[in-house]
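Novice: The structure that follows is given in the form of structure tokens.
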Amino acid sequence: MVKFNGQQSVPISGIPKTRDTVDLQPQWNLIGSISIPVPVTTIRQTPPGIVQSLFFGYNGGYEAVDTLEPGRGYWVKAGGAGNLILSEGAPSPNRGVPNISLVLAEAASITFSDLSGAKQILYFTSESLEENLLASFELPPPAPEGIFSARFVTNRMLEHVQKGKVREIPIQMSSVQYPLTIDWGINGQPLTTSLLIGSEELPISGEGATTISGGPSRIVLKVVGQSLLPQEFALLQNYPNPF
């Protein structure tokens with residue numbers, strides 16, 4: 001990782017590399033890629049199942065990716081020492097590589113964007129998720145001081161709310177350049193949702209947005225998982241009466 005005082009172009013020459021073995025240490029690793037795009041489903045893990053997270057890139061905020069692009073860096077969490085083999089080839093059977101596109105497409109989302117253009121999308125769902133799948137949505141370490149960051153207090157980008165349960169999930173934010181815009185999309189989830197912003201509660205549904213002009217403000221996502229069982233029922237005279 002290299003830090004510059006401002007935007008600049010730095011030419012770097014080299015030869016194409018279409019295969020590489022990347023060593024992993026326990027916990028979070030910052031890795032590079034090769035000279036061609038590499039779908040994460042083609043990455044061989046040694047030992048199998050060592051990857052315990054999604055692969056995350058950074059683009060004004062952390063985002064889960066399904067392809068490693070040339071010249072970019074990515075975060076990945078490992079359960080122990082091992083390595084990844086990056087190459088071009090057919091998909092290999094990998095444990096620990098969930099279908100992130102499907103999971104996130106069906107989840108509700110809230111997006112935090114500040115004046116600098118940085119943004120972070122967080123997700124929540126009422127769908128049942130296996131514990132290891134939920135754990136794979138843990139975010140990498142926070143960005144350095146001065147760079148926008150937003151995440152659930154659990155350190156994940158996706159949270160689960162059980163049907164019939166109530167959860168209040170604080171959101172940790174740092175280095176925000178106000179005003180802060182919050183967009184949401186509930187995506188038909190059977191959830192009753194609101195944002196607790198300071199001392200106020202803002203119910204949210206469907207799609208919408210709000211703006212916070214200044215901070216710091218305590219922001220909490222409050223979600224009620226609706227039960228699919230009827231709360232009451234009644235029997236009425238059928239019409240017309242056949243008797």
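Novice: What pairs come up if the first residue lies in segment 182-196 and is assigned by TED's automatic domain parsing to the domain that holds Q162, the second is polar (S, T, N, Q), and their beta carbons are under 6 Å apart, counting only those six or more places apart or on different chains?
Specialist: I182/T210; D183/T111; G185/S109; I186/S205; Q189/S126; P190/S126; P190/Q226; L191/S126
Novice: Tell me, yes or no, whether segment 69-85 has at least one residue that is polar (S, T, N, Q), at pLDDT 90 or above, closer than 20 Å to P170 by Cα and part of a strand (DSSP E or B). Talk me through it step by step, then tell me what you get.
Specialist: Applying the first criterion (polar (S, T, N, Q)) to segment 69-85 yields 83.
Still in the running and at pLDDT 90 or above: 83.
Still in the running and closer than 20 Å to P170 by Cα: none.
The answer is no, given that none of the residues of segment 69-85 is polar (S, T, N, Q), at pLDDT 90 or above, closer than 20 Å to P170 by Cα and part of a strand (DSSP E or B).
Novice: Restricting attention to segment 172-186, which residues are buried (at least 16 other Cβ atoms within 10 Å of the Cβ) and polar (S, T, N, Q)?
Specialist: Residue satisfying the conditions is S175 alone.
Novice: Within segment 42-65, which residues are more than 18 Å from the chain's Cα centre (by Cα) and of a type in the set (S, T, Y)?
Specialist: T42, T46 - these are the residues of segment 42-65 that are more than 18 Å from the chain's Cα centre (by Cα) and of a type in the set (S, T, Y).
Novice: Are there any pairs with C-beta distances below 9 angstrom linking a residue in segment 47-60 that is in the same structural domain as W28 (by TED's automatic domain parsing) to a residue that is aromatic (F, W, Y) and part of a loop (DSSP other than H, G, I, E, B), with the two at least 6 apart or on different chains, and if so which?
Specialist: Sorted first by the residue in segment 47-60, then by its partner, the pairs are S53/F137; L54/F137; G60/F148.
Novice: Here is a further query. Answer with yes or no whether P70 is touching a residue at least 12 places away in the same chain (Cβ under 8 Å), in contact with a Ser or Thr (Cβ under 6 Å, 6 or more places away or on another chain) and more than 18 Å from M157 (Cβ to Cβ). Show your work before the answer.
Specialist: On the way: touching a residue at least 12 places away in the same chain (Cβ under 8 Å): yes; in contact with a Ser or Thr (Cβ under 6 Å, 6 or more places away or on another chain): yes; more than 18 Å from M157 (Cβ to Cβ): yes.
Taking the combined requirement at face value, the residue satisfies it.
Novice: Could you check segment 132-167 and list, in sequence order, the residues that are among the acidic types (D, E) and either surrounded by fewer than 17 Cβ atoms within 10 Å (Cβ to Cβ) or part of a loop (DSSP other than H, G, I, E, B) (or both)?
Specialist: Listed by number, the list holds a single entry, E145.
Novice: For the structure I just gave you, tell me whether S33 is over 21 Å from N132 (Cα atoms) and crowded, with 18+ Cβ neighbours inside 10 Å.
Specialist: Working: over 21 Å from N132 (Cα atoms): yes; crowded, with 18+ Cβ neighbours inside 10 Å: yes.
Judged against the criteria, S33 is a match.
Novice: Looking only at segment 114-131, which residues are at pLDDT 90 or above and either over 15 Å from the mean Cα position of the chain (by Cα) or in a loop (DSSP other than H, G, I, E, B) (or both)?
Specialist: Correct list: D114, L115, S116, G117, A118.
Novice: Please identify the pairs in which a residue from segment 1-29 that is in a strand (DSSP E or B) has its Cβ atom under 9 Å from the Cβ atom of a residue that is loosely packed, with under 10 Cβ neighbours inside 10 Å and of a type in the set (S, T, N, Q), counting only partners at least 6 apart or on another chain.
Specialist: none
Novice: Got at least one residue in segment 223-240 being modelled with pLDDT of 90 or more and in a strand (DSSP E or B)?
Specialist: So far as segment 223-240 goes, yes, one or more of its residues are modelled with pLDDT of 90 or more and in a strand (DSSP E or B).
Novice: Which one of these does G60 not meet: (1) in contact with a Pro (Cβ under 8 Å, 6 or more places away or on another chain); (2) on the phi > 0 side of the Ramachandran plot?
Specialist: Condition not satisfied by G60: (1).
Novice: Given the criterion touching a helix residue (DSSP H, G or I) at 6+ places or on another chain (Cβ under 9 Å) and either over 18 Å from R156 (Cα atoms) or of a type in the set (S, T, N, Q) (or both), identify the matching residue among Q52, Q27, Q7.
Specialist: Just one listed residue meets the conditions, Q52.
The values are calculated or read from the model by the stated rules, or taken from the named source; none is laboratory data. Computed from a predicted structure; not experimentally measured. Here the Cβ is made from the backbone with ideal geometry for all residues, glycine too, and neighbour counts use every protein chain on show.
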